[in-house]
Amino acid sequence: MLGLAYEFDWSVLWRQPYGMYLLQGIWLTIQLGILSWIIAFLLGVFIGTIRVSSWRSMRFIGTAYVEIFRNIPFLVQLFFWYYAGPMVFGQTIQYRINAIPNLNYYVAIIALGMYTASRVAEHTRAGFAAISRDQYQAALSTGLTRIQMYRYVIIPYALRVIIPPLTTEFLTIFKNSSIAMTIGVAETTFMAYRIDAETFHGLEATTGACLIYLALGLGVVKLMGVLESRFKIHGLIGR
Amino acid sequence: MFDAVQRNLPFLLGGFWITVKLMVLALAGGIPLGILVGLGRISKKKWVYYPVTFYVNVIRNIPLILVIFWFYFVMPIIVGSPLDPFPSAVISFIVFEATYFGEIFRAGYQSVSKGQIEAGYSTGLTYAQTARYILIPIAVRRMLPSMITQSIITYQDTCLAFVIGLPELVRRATIVDTLEVRSIQLFGFVAFVFWITCYVGSTISRRYEVKEARGV
């Protein structure tokens, strides 16, 4: 069955310096995941909120943001910021950008954050939509002001409704961060590819990287399961 | 304004054609395999259920880019000679998308309430007839929006085959960019092509969702 003679060498996964490559890659993957998640969460909740605002121009901005960022592949967005960014900001700023160490690292975080924000915004909107009008009326009729209504009733409900989809998005962000390898961010996938370039044992390195993502994914799911059960509302049907 | 795009339009459109071909093949293989995966996920036979569930859980936790790499590295060992990136990309896409379509089919099947099936039996239909007239129509209607969404995601993901050197739209844009140094217009063009096609797709998907909500 095996056509090409291939000598497996699994030691590339722990032999130095390759083991160190992978460890550095994991650390960078976690950094990318968490930092871009913070951007995605803050921006996404904001965009999702203005999408349901009663102010028409705000609604338009929110909708435009979601429609643009959701309908373009993340790789294309990443390339756009990476290649076109310096041109957009002009030559003088290009030099200053180049002075920043690891420009591609920041580009990846911001691009990933902005891309995921469009998806978080959709979940946020769905979260607001899931709250029945009665809740608003009940809150207002007990004499709360509009700000208090949002603070004590609507936002706590909406947050709990959107936690499960946000869990999935948090998992997805780790997987999407692997695309940052294409602009030379040295995360796990990049390191697997680099090990291939140095040892020609890409299959072992890639399999190792797959196992790393698997472990990371299962870890995130465990973590989020704890979070979900802590924020569960008893009696909120179907959640 | 778009001079670099105009000069290289045939080259870029050739890349777009590869993108489309890859998507069509990925769907043509991914959906049938996905049906099998979905059937395996609802199977009561343990020796079917556990391997299929394992497959789905593993693949869904791995980034697509790694799946593409993995097949690109493993295919030469199986075939015996270095492989063109295209078949390798097609295989990895089929394997990857099948798990997502499989979950859509499972969810669609499980969303049909038991009462519907029992109603079918009680009116004297056989299992095959119940499936034919009740189960499948309801499940398909429920699945259609998420299937269109997943197809759009597949289409967007095709550009990841870039990493193994498949000369599709994004790769060709980068090639032209190294010659012309017109990043804004080239990647702007690529972004626009993807945006307009995906926007049309998601609009269609939304229309189906509205129909579903009305129960038509």
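Numbers at a glance
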quantity	calculated
Folded to 0 to 90 degrees: helix B:169-180 orientation relative to chain B principal axis, Cα	10
Mean residue ellipticity (222 nm) of chain B, computed from DSSP H runs ≥ 4 via -39,500 (n - 2.57), nearest 500	-27500 deg cm²/dmol
Gyration tensor (Cα) of the range A:109-205, equivalent ellipsoid semi-axes in angstrom	45, 11, 8
Average beta-carbon neighbours from other chains, 10 Å sphere, peptide A:150-157	0
Per-residue mean of C-beta atoms belonging to partner chains within 10 Å, peptide B:154-162	4
In sequence order, calculated HN-Hα J values of the range B:78-87 (Karplus, 6.51, -1.76, 1.60; Hz; x Gly/Pro)	6, 7, x, 8, x, 10, 4, x, 5, x
13 Å beta-carbon shell around A:Thr207, net charge (K/R +1, D/E -1)	-3
Volume of the Cα convex hull of the range B:83-192, divided per residue and given in Å³	107
Distance histogram for the range A:35-79 (every C-alpha pair counted, 10 angstrom bins, percent rounded to whole numbers)	27, 47, 24, 2
The protein assembly as shown pair-distance distribution - Cα-Cα, 20 Å bins, rounded %	21, 55, 23, 2
Highest average packing first - A:220-228, B:4-12, Cβ atoms within 10 Å	B:4-12, A:220-228
Footprinting exposure proxy for B:Met1, A:Met87, A:Met114 (fewest neighbouring C-beta atoms within 10 Å first)	B:Met1, A:Met87, A:Met114
Rg [Å, one decimal], Dmax [Å, integer] - chain B, C-alpha atoms	20.9, 70
Sorted largest first, extent of the range A:3-58 alpha carbons per principal axis (Å)	65, 30, 11
Sequence of B:Ser205, B:Ser122 once ranked by neighbouring C-beta atoms within 10 Å, starting from the fewest	B:Ser122, B:Ser205
Sum of side-chain charges, B:Arg182 neighbourhood, beta-carbon under 11 Å (Lys, Arg +1; Asp, Glu -1)	-2
Along principal axes, Cα extents of the range B:35-99, largest first, whole Å	41, 22, 16
Karplus-derived 3J(HN,Hα), 6.51/-1.76/1.60, for each residue of the range A:42-57, Hz, glycine and proline x	5, 5, x, 5, 4, 4, x, 6, 6, 5, 9, 6, 8, 8, 4, 5
In chain B, lysine pairs with alpha-carbon atoms under 28 angstrom apart (chain gap of 8 or more, or interchain)	4
Average partner coverage of A:74-87, which counts Cβ from other chains inside 10 Å	6
Residue order, fewest to most beta carbons within 10 Å, for B:Ser43, A:Ser54, B:Ser146	A:Ser54, B:Ser43, B:Ser146
Summed side-chain charge close to A:Thr29 - residues other than A:Thr29 whose Cβ falls under 12 Å, Lys, Arg +1, Asp, Glu -1	0
Degrees between helix B:46-60 axis and first principal axis of chain B (Cα, 0 to 90, nearest 10)	30
Per-residue ³J(HN,Hα) for the range A:140-150, Karplus 6.51 cos²θ - 1.76 cosθ + 1.60, θ = phi - 60°, Hz, x for Gly and Pro	5, 6, 7, x, 6, 6, 4, 5, 5, 4, 5
Scaled radius of gyration (Cα, divided by 2.2 N^0.38 Å) that chain A gives	1.25
Tilt relative to chain A, helix A:103-130 - C-alpha long axis, 0 to 90 degrees, to 10	30
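Bear in mind these aren't lab numbers, they're just calculated from the coordinates by the rules spelled out. Every value quoted in this text rests on a predicted model; they were computed, and no experiment measured them. Methodologically, a virtual Cβ is constructed for each residue, glycine included, from the backbone with ideal geometry; neighbour enumeration extends over all protein chains shown.
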